[in-house]
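**Student:** First the structure, then my questions, so here it is.
The values are calculated or read from the model by the stated rules, or taken from the named source; none is laboratory data. Treat the numbers as computed from the prediction; the structure is a model and nothing was measured. Virtual Cβ from ideal backbone geometry, glycine too; neighbours counted across all protein chains shown.
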């Protein structure tokens with residue numbers, strides 16, 4: 001398979017966790033994938049898990065407009081177009097910090113990564129998808145169950161994930177005339193380094209510390225692939241994928 005025969009995806013936060021799992025799933029499925037993340041060595045480690053797939057690693061800080069521009073320029077230079085953006089890069093920020101103790105610097109870091117970074121990448125993808133021939137493509141934003149219901153002491157993360165839902169809806173509306181489909185996947189307790197603490201015990205809304213179940217991150221990756229491979233005439237607007245027994249429905 002040559003690069004031009006496969007569809008082209010950009011996956012941000014591809015060096016670990018959900019981004020890595022989705023990138024590997026797409027590579028195994030025959031996609032050409034640009035892996036974006038802060039550290040080149042972790043991106044290369046992701047690519048090594050799917051050695052048969054065509055890939056490009058681009059060191060990217062999604063909160064920096066110049067990095068995002070360079071990411072999409074490198075992708076188009078290599079592959080000629082962009083068919084999919086999995087807008088995944090994000091951070092929880094300092095865990096367990098009450099609102100009154102959260103520093104402005106910590107707040108800004110979460111907002112710059114989770115919201116501003118998602119906007120910058122979506123904007124760059126939108127511009128490319130609108131201009132390319134054949135026109136169009138798909139953007140999948142990585143939301144969270146925190147886009148609906150917060151955890152204690154998660155004000156920055158929760159605020160950005162609620163905002164991401166608005167970004168998804170607005171992009172979906174504005175993308176209609178240009179065959180750009182935009183959806184969001186809201187994920188709860190996929191087993192990654194970021195959620196390792198869940199099984200040891202985390203603060204619940206009633207003040208207790210309790211362990212929570214997790215699910216295989218590969219199940220998330222397969223869901224993203226399903227969303228990605230729909231024809232542009234169909235769209236999963238919002239999908240929620242979570243560990244079945246996690247305290248989400250009825251949280252609080």
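**Student:** State all residues of region 44-57 that are buried (at least 16 other Cβ atoms within 10 Å of the Cβ) and part of a loop (DSSP other than H, G, I, E, B); if no residue qualifies, say none.
**Tutor:** 50, 53, 54, listed by residue number.
**Student:** Determine whether region 36-43 contains at least one residue that is free of Cβ contacts under 8 Å to residues at least 60 places away in the same chain, touching a helix residue (DSSP H, G or I) at 6+ places or on another chain (Cβ under 9 Å), within 21 Å of residue 185 (Cβ to Cβ) and assigned to a loop (DSSP other than H, G, I, E, B).
**Tutor:** For region 36-43, residues free of Cβ contacts under 8 Å to residues at least 60 places away in the same chain, touching a helix residue (DSSP H, G or I) at 6+ places or on another chain (Cβ under 9 Å), within 21 Å of residue 185 (Cβ to Cβ) and assigned to a loop (DSSP other than H, G, I, E, B): absent.
**Student:** Being farther than 25 Å from residue 179 by Cβ, surrounded by fewer than 24 Cβ atoms within 10 Å (Cβ to Cβ) and in contact with a helix residue (DSSP H, G or I) (Cβ under 9 Å, 6 or more places away or on another chain) is the filter here; which residues of region 58-84 pass it?
**Tutor:** To start, the set of residues in region 58-84 that are farther than 25 Å from residue 179 by Cβ comprises 58-61, 63-67, 70.
Checking the rest, the ones that are also surrounded by fewer than 24 Cβ atoms within 10 Å (Cβ to Cβ) come to 58-59, 61, 63-67, 70.
Within region 58-84, 58, 59, 61, 63, 64, 65, 67 qualify.
**Student:** Can you name every residue in region 175-196 that is more than 14 Å from residue 86 (Cα to Cα), touching a strand residue (DSSP E or B) at 6+ places or on another chain (Cβ under 8 Å) and either modelled with pLDDT of 95 or more or assigned to a strand (DSSP E or B) (or both)?
**Tutor:** Answer for region 175-196, where residues must be more than 14 Å from residue 86 (Cα to Cα), touching a strand residue (DSSP E or B) at 6+ places or on another chain (Cβ under 8 Å) and either modelled with pLDDT of 95 or more or assigned to a strand (DSSP E or B) (or both): 175, 179, 188, 190.
**Student:** Cβ-Cβ distance below 7 Å, separation of 6 or more or different chains: which pairs start in region 5-16 with a residue that is at pLDDT below 95 and end on one that is part of a strand (DSSP E or B)?
**Tutor:** 6/32
**Student:** Can you tell me which residue in region 191-212 is surrounded by the fewest Cβ atoms within 10 Å (Cβ to Cβ), limited to those that are farther than 18 Å from residue 150 by Cβ and touching a helix residue (DSSP H, G or I) at 6+ places or on another chain (Cβ under 7 Å)? Don't jump to the end; show me each part of the working.
**Tutor:** The initial filter retains those residues of region 191-212 that are farther than 18 Å from residue 150 by Cβ, namely 191-193, 196, 199-201, 211.
Checking the rest, the ones that are also touching a helix residue (DSSP H, G or I) at 6+ places or on another chain (Cβ under 7 Å) come to 191-193, 211.
Details: 191: 20, 192: 18, 193: 8, 211: 11.
Among those that are farther than 18 Å from residue 150 by Cβ and touching a helix residue (DSSP H, G or I) at 6+ places or on another chain (Cβ under 7 Å), it is 193.
**Student:** Can you name every residue in region 213-234 that is over 19 Å from the mean Cα position of the chain (by Cα) and loosely packed, with under 14 Cβ neighbours inside 10 Å?
**Tutor:** Applying the first criterion (over 19 Å from the mean Cα position of the chain (by Cα)) to region 213-234 yields 213, 231-234.
Residues satisfying the conditions are 231, 233, 234.
**Student:** May I ask you to verify whether residue 150 is outside any helix (DSSP H, G or I), more than 30 Å from residue 135 (Cα to Cα), at pLDDT 80 or above and touching a helix residue (DSSP H, G or I) at 6+ places or on another chain (Cβ under 6 Å)?
**Tutor:** Taking the combined requirement at face value, the residue satisfies it.
**Student:** Starting from region 94-118, take each residue that is in a loop (DSSP other than H, G, I, E, B) and list its partners that are exposed (fewer than 15 other Cβ atoms within 10 Å of the Cβ), counting only C-beta distances under 8 angstrom and pairs at least six apart or across chains.
**Tutor:** Close Cβ pairs (under 8 Å, with a partner that is exposed (fewer than 15 other Cβ atoms within 10 Å of the Cβ)) amount to 95/197.
Here is a yes/no grid of residues against (1) closer than 18 Å to residue 83 by Cβ; (2) in contact with a strand residue (DSSP E or B) (Cβ under 7 Å, 6 or more places away or on another chain); (3) part of a strand (DSSP E or B); (4) free of Cβ contacts under 8 Å to residues at least 12 places away in the same chain:
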residue	(1), (2), (3), (4)
205	no, no, no, no
212	no, yes, no, no
225	yes, no, no, no
232	yes, yes, no, no
236	yes, yes, no, no
241	no, yes, yes, no
245	no, no, no, no
248	no, yes, no, no
